[in-house]
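The values are calculated or read from the model by the stated rules, or taken from the named source; none is laboratory data. Remember, predicted model here, so these are calculated numbers, not experimental data. No Cβ is skipped: glycine too gets one built from the backbone with ideal geometry, and neighbour counts run over all protein chains shown. Keep in mind that these areas ignore ligands, DNA and RNA; they rest on the heavy atoms of the full protein, side chains included. Shrake-Rupley method; radii C 1.70, N 1.55, O 1.52, S 1.80 Å.
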Amino acid sequence: VTELVLDNCRSSNGEIEGLNDSFKELKFLSMANVELTSLAKLPTLSKLRKLELSDNIISGGLEVLAERCPNLTYLNLSGNKIKDLGTVEAL
């Protein structure tokens, strides 16, 4: 699987259940409007290039992306609870 669209699926406790390290080949992942509150449980997706996270409840913890998704070139965080640009400095 290289592309996975989970838009409008409901998260469990602010996380997507079943998304794990077995998705090593993912290049595109979309989780728009899934009520995500955190990226703490995001697996390592070293080939991921594009990540769509719009319309969630994320307010911080973005440093996880730099560590687990080192090849990310596109990130959409629109419609989240990020209050200042300092939150995205880790990227």
*Given the residues 38, 54, 22, which is the only one that is open to solvent by less than 60 Å² (accessible area, probe 1.4 Å), more than 18 Å from residue 74 (Cα to Cα), part of a loop (DSSP other than H, G, I, E, B) and hydroxyl-bearing (Ser, Thr, Tyr)?*
38
*Breaking point among (1) open to solvent by 60 Å² or more (accessible area, probe 1.4 Å); (2) without any contact (Cβ under 8 Å) to a residue 24 or more places away in the chain, for residue 74*: (2)
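Any chance the stretch 61-71 includes a residue that's within 20 Å of residue 8 (Cβ to Cβ) and assigned to a loop (DSSP other than H, G, I, E, B)?
no
Could you tell me whether residue 8 is surrounded by fewer than 16 Cβ atoms within 10 Å (Cβ to Cβ) and without any contact (Cβ under 8 Å) to a residue 24 or more places away in the chain?
So residue 8 fails the test.
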*Go through the stretch 25-35 and give me each residue that's aliphatic (A, V, I, L, M), under 18 Å from residue 74 (Cα atoms) and within 11 Å of the chain's Cα centre (by Cα).*
29, 31, 32
*Give the stretch 79-91 a look and list any residue that's in a loop (DSSP other than H, G, I, E, B) and open to solvent by 60 Å² or more (accessible area, probe 1.4 Å), or say none.*
81, 83, 84, 89, 91
